[in-house]
Amino acid sequence: MKTTVNKLLIFLFFVPISLFAQTTIKGTVTEKSTSIPLPGVNVVIKNTTTGTATDFDGAYQIEANKGDVLVFSFIGYQSTEIVFDGQKTLDVQLTEDTAQLDEIVIIGYGSVKKEDLTGTVDLVTDKDFNDGPIVSAQQLISGKIAGVAVTSSSGAPGEGQEIRIRGTGSLSLNSSPLYVIDGVPIDNDGVGGSRNPLNLINPNDIESISVLKDASATAIYGSRGANGVIIVSTKKGKDKEFTFNLSSSTTVHNPTKTIDVLNANQFRNIIELDSNYDDTTASLLGNANTDWQDEIYTVAFGQDHNFSALGSAFGVPMRASVSYSNHDGILKGDNFERLTGALSLTPKLFDDHLKIELNAKGSYTENKFANRDAIGSALVYDPTQPVYDSSSPFGGYSAWLSENSSATLGYTQISLSPSNPVALLNLVDDTAEVRRFLGNAKFDYTLPFFEALTATVNVALDKSNSHGRKITSQYLSSSDIDWNGSLTSYTQEATNKLFDAYLTYKQTFNDAHNFNMVAGYSYQSFEYDNYSYDSEDEEDGNQFEFIDKSKNVLLSYFGRLNYDYDGRYLLTASLRADASSKLNPDDRWGFFPSLALAWNITNESFMEDSFFNNLKLRVGYGEIGNVNGLGDYLFLTRYTGSTDTARYQLGSTFYQTYRPEAINDNLKWEVGRTLNIGLDFSILDSRISGLFNAYIRETQDLIATSTVDPFTNFSNTIQANIGDMENRGIEFALNVIPIKTENFQWNVNYNVSFNQNEVTNLPDDQPTGGISTGTGNNVQVNREGESPYSFYVYKQIYDVNGNPIEGAFADLNGDNVINDDDKYLYKDALADVTMGINTDLRYKNWDLAVVTRASIGNYVYNDVSASKGILNNVVPTTNNYLSNIVADYYNTGFYNTEETNALSDHFVEDGSFFRIDNITLGYNASKILKGINARFYGSLQNVALFTDYSGIDPEISGGIDNNFYPRPRSFVLGVNFDF
C-alpha cells in the first residue's frame, strides 16, 4: 500500500512539471518580399519581459511554454503575433510597413508625421530611389515626383543635374531649389572645378529626400526657398550590433546617337557640284574617309565601390562609410574620380534629455575635362582629311595651314578654319581637384524641469578648396603668329558657416489640442577667395592675375506654429524675416509669412465605415523672397578693369583702365506668392493611394535688365525690379499595388504635372537664348503676356512639296519688307506636361524595376542644323579650307549664312519625348555564406528614347541644342553584400 501511495505521489509531482515545462524554439526571421534575413528583430513573449533579438543571420532562440504568444517586431515592419503550439522550429516572415516607413517627414527645423502635413511635401526614401549608374544625388528622384523635373546638363560623368520645381521662378536669378543636407543649407552657386555641387555626397549614404514644393512649406526657409527646397537626410547609426554593407559595380558607357553629317563621298560629290568648284578647291580635298565623331567618342568604363558599418559602440549609435567612384566619359579623355567618407554619431546623454547628432562628410574629387570644342569641330572638319599628317608641324595632326615665316613653328592655322577634333582632345589638358568638407553638430536638449520645451543649436561648416589648370600645347594649331602654348589656372576657397538656435515647444491639452511651436535665429555667411592666372596675358604685358574676394551674409529670425485638434483639423503658420547683405540697408529686410490648413476627413466619426484609409484636404498660402544668384553689392560703386582688347593708348603704350559698373541702390527682393489646394487619399488597405494639387504662384518685382536714361548711370542698362510672372499648374500622383501575394508583388507609380508660365508684367522685351550664327544674335525673348523663353523667329514659307524656301518668310506686318518687325512668337522651351511612370515587380527572390519619363510641349531650337547645315560653309569663296555640314542640308537646301535663315521657325522643333530611363533586374541570395546575404543585379540606363526631334537629344536645358555632349547608354553589373 505504501509503495502504491509513493508511486501516486511521484506521478502527481511530475504531471505539472511536464505540463509547464518550457521548450526551446529556434527559427529565422526574414523579409517577406525579398527573403533576406533580418538582424535585430525583437522576439518577445507577450505580456512578459522575456525576449531576445535575431542575430546577423536573422536567427533567434527562445524558451517558451505551449500556448505562449510570440511577438516579432522590427522598425519599418508590421508586427506579427504567433501562438506557440510546441513546434521545435518556427520561421517567420515580416511584411514591410509602408505607412510606418513614410510616417516621419523631415521639414524645416523639425519633422512631422506624414498624416499631419499641411503643406505640399513629397518624400522619397532609399527603398524607392532609382537604380542604375547613380553618381549624383539628384538622379535618385528623377521621374519620381510630380512637378519636379530633373535634367542632366550633359552626358559627362558626374555632370550637374538641373532641377526645376513647378517651372521657372525667375528670369535672371537662380531658379534652382535650395539644397539642405542634414540641416545645413548649401550654396547653389557650386564649387569651382566641380561638375556638380552635390558630388560631395555618396548617393549610397542617403536615406531619404524630401521635396518642399509650395510656399506654405518652404516659407520657413525664407528667401532661399523661393524655388522649392530639397532636404537630403543621410543614414544614421542605430543602437544595435554592428552590421556591414559592401557593394561594388562595374559600368560600361556606350555612345548612342550621333549627328548625321556628310560622309567623305557625299562631301566630295557636293563640292564637285558647287558653283565655286575649281582646281584650287579640288586640290584641297583629301583621300581619307574619316568619321570624326567616331574618332572623338569611345566606349567608356566606370566602377563604384562602397563600404559602410552601422551599429553601436560604447553606447553611441554610429554609421561610417567610404566610397570610391571612377568613371570615364564617352568623349575621349573625360574622367570623373571621387573618394568620399562619412561619419555619423548620434549619442544620447542625461537620461536621453540631451540628443547629439554629429555628421562629417568629406570628398576628394579629380576631374579631367575633355575639350568639348571637339564636339562641334567633329561636325565641320573635312571628312576627306586624315587624323594625322606627318608633314604637319602641329604635333603631326592634320590642320588647315598657312605658311608664315614670322610664326613660331613657321606656319599658322588659316583664320576661321576648324581645328582638328582629335588634336583638340589630345593637346589640351584640363584638370581640377576639389577637396570638400561638410560637418555639423546638432544639440537637442529637453529641459528636465519642463519637458515640453527643447532647445536646439546647430553649427555647421561647409568648406571647399579647388585647384584647376588648363594647359594647351604649343602644337595645337593656332592663327596667332606668336603662339607657343598657354596655361590658365585658378584656385577657389569657399567657406560656408552656419549657426542656428531655436526653441521647440510641444504640448497636448485635454488629449485633443496638440501644439508644436518653433522660434529661432539663423546666421549664415558665404565667403569666397578666388584667384586666376593667364599666361597669354602675362606675355602680352597685360594684367595676368585676378584676385576676387567676396562675402555675403544672411541673417534670419523665424517662427512656426503647428496646431492639431484631435487629429482632424490641422493648422500651420510661419513667419521668417531675412536680411541679405546683397541688398542696400534700406531694402535689406524681407518678411515672408505662410498659413496652411488641413482636414483629416477620415478621422471624422462619419467616416468610420468609409472605404477610404486616408482622405485629407489641404489648402496653403505663403510668400517667399528671392535674391539667389544676384551679384554682391550691386548697390555700391564697383570698378572693373578693361580687357586686353580695350586699352587706352598714350603715345606708343597701351594702358589698362578701370571703369565703374552700373549701380542700382533700389534693388529689392523678388517676392513669390503661392496658393495651393491639395487632396491626399488612399483606399483598399492603401493598395491605391495618391494626391492631387492645384497651385498658382505669382512672382512680383522680378529682377531683369532695364534701360535707363543716358548720363544717369555708368551704363545704359541696369538690373532692376521691373517684372511679374505667374505659374499655374496641377499635379496628380497615383500609387497602385495591383497584385500582392506571399510570393509576388507588383507596384505601379504614375505622376503627371501640367504647368503654364506667363510673364504678366515686363516693360521691355528681354532678348535671350544666344545662338551660333552671327554675333550677339538671340532666338528667344521674354515678353509681357507670353511664356518665358518663347522663340522669336521668322515664319518660314514652304513649297508645294513641303520644303522650306530659302529667304522666303511671311511678311506679317504687310509692309513688303522682311525685317525684325516680321518676327513672331512661336512656342517656348518649357514643357507643358511632364510625367513619370515607374513600376517594380518582386517574385520570390527576384525583383524587376522600370523607370520611364515623358515630356510634352517643350520645343527645341536646333542650332546645329541652323548653323552647320548651310552649303556656303562647305566651300568658302575667299579661304583655302573646306568645312563639312550636317545632313539636314538635304532637307532645307539652304545655301547662304543669313540671320533670317538662322532665325527661321523651321529650326524650332517639337522636343516632346518619352524616355525609358532605367531597367534593373536583381536577385536576392540569402545566406550564400554563413552570415552573408547578397543581391546581384544588372541595370540598363538610358534604354530608349522616342521623339520626333531630329537632333541628338530633345532634353536640353534652356531649349537651344548646340553641340550637346550626348548621354550614353550605360550597362551596370553589381553586387551588394550584407553581413
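The values are calculated or read from the model by the stated rules, or taken from the named source; none is laboratory data. The structure displayed is predicted, hence computed values, not measured ones. Please note: Cβ atoms are built from the backbone with ideal geometry, for glycine as well, and neighbour counts cover all protein chains shown. When the accessible area is computed, the model is the full protein with side chains, heavy atoms only, and any ligands, DNA or RNA have been set aside. Shrake-Rupley method; radii C 1.70, N 1.55, O 1.52, S 1.80 Å.
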How large is the direction-averaged shadow of the alpha-carbon convex hull of region 104-234, in nm²? 7.9 nm²
Per-residue ³J(HN,Hα) for region 812-828, Karplus 6.51 cos²θ - 1.76 cosθ + 1.60, θ = phi - 60°, Hz, x for Gly and Pro: 5, 9, x, 9, 6, 9, 8, 8, 4, 5, 9, 5, 9, 8, 9, 6, 8
Suppose every K and R has +1 on its Cβ and every D and E has -1 on its Cβ; what is the size of the dipole of region 194-275 about the Cα centre, in Debye to the nearest 20? 340 debye
Using all alpha carbons of region 590-671, what is the percent of pairwise distances in each 5 Å bin, ordered from the shortest bin to the longest? 3, 10, 11, 9, 8, 8, 7, 7, 6, 6, 5, 5, 4, 4, 3, 2, 1, 1, 0
In order through region 341-349: 3J(HN,Hα) via Karplus (6.51 cos²θ - 1.76 cosθ + 1.60), integer Hz, x for Gly, Pro: x, 9, 9, 10, 10, 10, x, 10, 10
Restricting to the chain, what percent of DSSP beta bridges are antiparallel, rounded to 5? 95 percent
Expressed to two decimals, region 854-942 has a Cα Rg over Rh, using the Kirkwood radius, of 1.41
Region 178-265: radius of gyration over Cα atoms, expressed as a fraction of 2.2 N^0.38 Å: 1.66
Can you tell me what share of the DSSP beta bridges in region 104-234 is antiparallel? A percent to the nearest 5 is fine. 85 percent
How many percent of the accessible area of region 104-234 is carbon or sulfur, using a 1.4 Å probe? 41 percent
Along the charge dipole of the chain, pointing to its positive end and built from +1/-1 on Cβ of Lys, Arg, Asp and Glu, which listed residue (N749, L349, S473) has its Cα farthest out? L349
Using only the Cα atoms of region 250-295, each taken as one equal point scatterer with no solvent, compute I(q) by the Debye sum, divide by I(0), and report log10 of the ratio at q = 0.33 Å⁻¹. -1.25
Translational diffusion coefficient, Stokes-Einstein: compute it for region 23-96 using the Kirkwood radius over C-alpha pairs as Rh, at 25 °C and 0.890 mPa s, and state it as an integer in µm² s⁻¹. 204 µm²/s
Residue-count net charge about A573 - beta-carbon cut-off 15 Å; Lys, Arg +1, Asp, Glu -1: -1
Show the residues, 5+ positions off or on another chain, whose built amide H is closer than 5 Å to the amide H of Y859. D828, A829, L830, G911
Could you tally the net charge around T920, taking each other residue with its Cβ under 10 Å from the Cβ of T920, Lys/Arg +1 and Asp/Glu -1? -3
So what does Y565 come to for accessible area, using a 1.4 Å probe and Å² rounded to 10? 70 Å²
What fraction of the DSSP beta bridges in region 169-273 is antiparallel, stated in percent and rounded to the nearest 5? 65 percent
Name the long-range amide H neighbours of E670: under 5 Å, sequence gap of 5 or more, or other chain; modelled H, no Pro or chain starts. N626
Options A452, N778, W846, ranked by Cα towards positive dipole end of the chain, top entry (Cβ charges): A452
Report the one residue of P157, S176, G108 whose Cα lies farthest in the direction of the positive end of the charge dipole of region 104-234 (charges on C-beta: Lys and Arg +1, Asp and Glu -1; origin at the Cα centre). S176
Helix check for the chain. Which DSSP H runs span at least 24 Å along their own axis by Cα, with a mean Kyte-Doolittle hydropathy no less than 0.5? 2-20
Rounded to the nearest 20 debye, dipole of region 104-234 from Cβ charges on Lys, Arg, Asp, Glu: 300 debye
Could you provide, to the nearest whole Å², the per residue accessible area of the chain with probe 1.4 Å? 45 Å²
Top to bottom by accessible area (1.4 Å), largest first, where do E784, E742, E670 land? E742, E784, E670
Setting aside same-chain residues fewer than 8 positions from K235, which lysines have a Cα under 24 Å from its Cα? K32, K113, K114, K127, K144, K213, K348, K355, K361, K442, K463, K497
From phi via Karplus (6.51, -1.76, 1.60), per-residue ³J(HN,Hα) for region 848-857 in Hz, x at Gly/Pro: 9, 10, 10, 10, 10, 9, 9, 9, 10, x
Hey, can you rank 141-152, 571-582 by average C-beta count inside 10 Å, highest first? 141-152, 571-582
Okay, helix-only estimate at 222 nm for the chain: each DSSP H run of n ≥ 4 adds -39500 (n - 2.57), divide by all residues, round to 500 deg cm²/dmol; what do you get? -2000 deg cm²/dmol
Please express the Cα-Cα pair-distance distribution P(r) of region 689-731 as a list of whole percents, one per 10 Å bin, running from 0 to the bin with the greatest distance. 24, 28, 21, 15, 8, 3, 0
Rounded to the nearest 10 Å², what accessible area does W589 show when all protein chains are kept and the probe is 1.4 Å? 110 Å²
About the Cα centre of region 842-970, what is the dipole size in debye to 20, counting +1 per Lys and Arg Cβ and -1 per Asp and Glu Cβ, all else neutral? 1420 debye
SASA check, V864, accessible area w/ 1.4 Å probe, all protein chains in place, rounded to nearest 10 Å², comes out at 10 Å²
Taking K368, K332 and ranking on accessible area (1.4 Å, protein atoms only), highest first, one gets K368, K332
Candidate residues E661, E493: accessible-area rank, largest first, probe 1.4 Å: E493, E661
So what's the projected area for the chain, the Cα convex hull averaged over all directions, in nm²? 52.0 nm²
Report, to two decimal places, the Cα Rg of region 792-894 normalised by 2.2 N^0.38 Å (N = number of residues). 1.73
